[in-house]
Amino acid sequence: MSHPQAQPTLRADLADARWAELEHWTLEACILRAEGREQDAVRILQDRMPALIRDWSVQSRLSKPEIQTRLRRMMAEKQDFITRGLAQRRLITSALLAETQENPASLPPALARRAASAASTPVALRRHIPLDDIPGMLDGLAEAEREARREALWPLRSPATLAAAAL
């Protein structure tokens with residue numbers, strides 16, 4: 001025979017676990033979009049998220065408007081987190097890259113090796129640019145090269161980024 005208070009506690013624990021999964025996969029989809037991997041992000045949003053949302057909705061016992069409000073707020077917060085993080089990452093890595101151009105020995109050896117490796121790695125454009133848009137192609141290539149150097153210095157999927165997301 002089960003204890004009468006065990007059911008609500010178990011339901012709340014399951015709802016909390018599903019919410020944590022929702023937050024994780026929402027963040028993952030946002031990161032994939034930031035990396036230019038739109039198809040992978042859509043796959044998560046279409047294949048994984050609906051069942052998690054359904055399970056959480058049932059277990060949370062919230063009203064439909066409250067469920068929608070919480071989901072929208074969480075998704076907006078995760079998108080904002082990644083957007084702000086990318087802006088901060090751009091500022092920090094731009095400063096690091098500028099410093100290394102002036103004084104290459106200023107970077108720790110491991111970061112210097114990563115930056116040098118990024119300079120010799122082929123890059124891919126993250127957006128479609130028409131063939132007749134030569135200035136757009138040059139801008140896109142420069143943007144992709146800068147992002148490759150940023151990624152070498154501070155990977156988007158670094159432990160520090162993921163730890164900050166858990167706060």
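Calculated translational diffusion coefficient of region 49-93 (4 °C, 1.567 mPa s; Stokes-Einstein with Kirkwood radius over alpha-carbon pairs) equals 106 µm²/s. Once the Cα-Cα distance is subtracted from the 0.36 nm per residue extended length, the LEU91 to ASP132 segment shows a gain of 11.6 nm. Using the Cβ-Cβ distance between LEU141 and ASP80 with R0 set to 25 Å, the FRET efficiency works out to roughly 0.30.
We did not get these values from a lab; they are worked out from the coordinates using the rules stated. It should be emphasised that the depicted structure is a prediction, and the values quoted were computed from it without experimental measurement. Quick reminder, even Gly has a Cβ in these numbers, built from the backbone with ideal geometry, and neighbours come from all protein chains shown.
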